[in-house]
Amino acid sequence: MNRIAFNLLATDGAARRSEIVTRHGTIQTPVFMPVGTLASVKSLTTDQLRQLGPEVILNNTYHLMLRPGVDLLERLGGVHGFMNWDRAVLSDSGGFQVFSLASIRKVREEGVEFRSHIDGSAHFLSPETSIDIQQRMGVDIAMAFDECPAYGIGHTEVERSLELTHRWARRSLAARTGAAALFGIVQGGIHHDLRKRSAEEIGGIDFDGVAIGGVSVGEPKEEMLDVMRFTAPLLPADKPRYLMGVGTPEDLLDGVAAGIDMFDCVMPTRNARNGSLFTSYGKVAIKNARYADDERPLDPHCSCVTCRTVSRAYLRHLFVTGEIAAMVYNTIHNVSFYLDLMRGIRHSIASNSLQAFRDAFLSRVVSGEVDADDKEPPIERIR
RNA sequence: GGAGAGUUGGCUGAGCGGUCAAAAGCAGCAGACUGUAAAUCUGCCGGGCCACGCCCUACGGAGGUUCGAAUCCUCCACUCUCCA
């Protein structure tokens, strides 16, 4: 039974242009998936999010099982019905929280005992419970329950963790009974031999897609890129490849060039809330004094609501004064920027010009002084 | 007219003989953020310099006591509270 269909449409070097057909629409890849941990892409209403146009978003098993709880979610129509979202949803298994909430958990063969970061109550997550919850949440793509080892631990420990993740991977697949697609997760830290072993092991299991996990956990950028470039080609060619938790616009370009199809990252949304905006000419810290009376649009090459309708000066004012609208405007822009970037990448693969697209993008970001372009179009007045 | 309290860096406000260029918060300036415990966190924040150290100017003003004062004394100015 096909939970999803993966159709490869074109290639450009190692880069792939494809589509993933789900019960909630078709996802054009390479794709960036905005993170909506708690069934919400922070600061956006579902309607605002929908207008930005992502074809798939993330949810998180760990966070949603604690609040509002899977029983309630299931009763209220799963995450789709609950948040009134009719496009695809991919859920993280909670594996990452085993890493990020390491101070309050105990990992055993059976699964992970942990204490809620909210009220300290005891909970248990295993391949079986994680998959069960993800299925009951009604997501389109579930992730295997894995252990995400911290950066910096030794080869022996990573190997032991890897073997556990592999056993959990098989148990995750065995536990899958519903309509959700299931992706396996390759681990192995920064060690090539372990990554290779994991890619072969996970790639050999009948998953619907394969993810590279265990990156963006504090390792230097070069390590991340090395792991990605080494591992991506080892993954099955006939399934979606997902690089978990990555990354910056530059990372996405590198990932696509290495053959990655799917990405997710909190960066556009979190940075937006913290006033760090991605633009075609590089990062903008909107709180900087230099924007105090800057009437130009944030990014003249962006057509999002934020860039069309308000000035840098206004965005700075909203941010500096702590207005909620600052986060809304900033998130709308950053998510739009990421989605636009992926759209551009997709077109460039289809026309065999990814390298040129990438070079043009990077040269603008690197050389592009924030104020280099004096001839921005005026702000569109709202009537 | 009488009694009392107070005057500290942009603001609020600690300090009450040396460890004070002066706590803390705010404001200001800048940086970080990569499967979200994040509308969070970090740094700088009197001036100058051949700056991991030195110099100058600083705690209302002017004198004084002391080896040493934002801190003690005297006078002056101003502010606030209460009683007439």
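Take each peptide in A:67-75, A:15-23, count the other Cβ atoms within 10 Å of every residue, and average; sorted highest first, the result is A:15-23, A:67-75. Rounded to the nearest Hz, the phi-derived 3J(HN,Hα) couplings of the range A:120-125 under the Karplus curve 6.51 cos²θ - 1.76 cosθ + 1.60 (θ = phi - 60°) are x, 5, 7, 9, 9, 10, where x marks glycine and proline.
What is the order of A:359, A:12, fewest Cβ neighbours within 10 Å to most?
Working: A:359 12, A:12 19.
Taking fewest neighbouring Cβ atoms as first place, the list is A:359, A:12.
Summed over qualifying helices (DSSP H, 4 residues or more, each -39500 (n - 2.57)) and divided by its residue number, chain A shows a 222 nm mean residue ellipticity of -12000 deg cm²/dmol.
The label point for residue A:321 and the one for residue A:8, both projected 7 Å from the Cα toward the Cβ, are 5.5 nm apart.
Unpaired cysteine residues in chain A (no second Cys Cβ under 4.7 Å): A:148, A:265, A:304. Each peptide in A:347-354, A:144-151, A:261-268 receives the mean, over its residues, of other Cβ atoms within 10 Å, and ordering these scores from highest gives A:144-151, A:261-268, A:347-354.
Hydrodynamic analysis of the range A:106-209 uses the Kirkwood radius over alpha carbon pairs. Inserted into Stokes-Einstein at 10 °C and 1.306 mPa s, it gives a translational diffusion coefficient of 111 µm²/s. Taken over the alpha carbons of chain A as equal point scatterers, the Debye sum produces base-10 log I(q)/I(0) values at 0.07, 0.10 Å⁻¹ of -0.31, -0.64. Under the simplified labelling scheme, the residue A:381-residue A:21 pair shows an inter-label distance of 5.0 nm, with each label point 7 Å from Cα along Cα→Cβ.
Any read-out appearing in this document is the output of simple, stated calculations on the displayed coordinates, not a laboratory observation. What you see is a predicted model, and the numbers here were worked out from it, not measured in a lab. Heads up, the Cβs are rebuilt from the backbone with ideal geometry, glycines too, and the neighbour counts pull from every protein chain shown.
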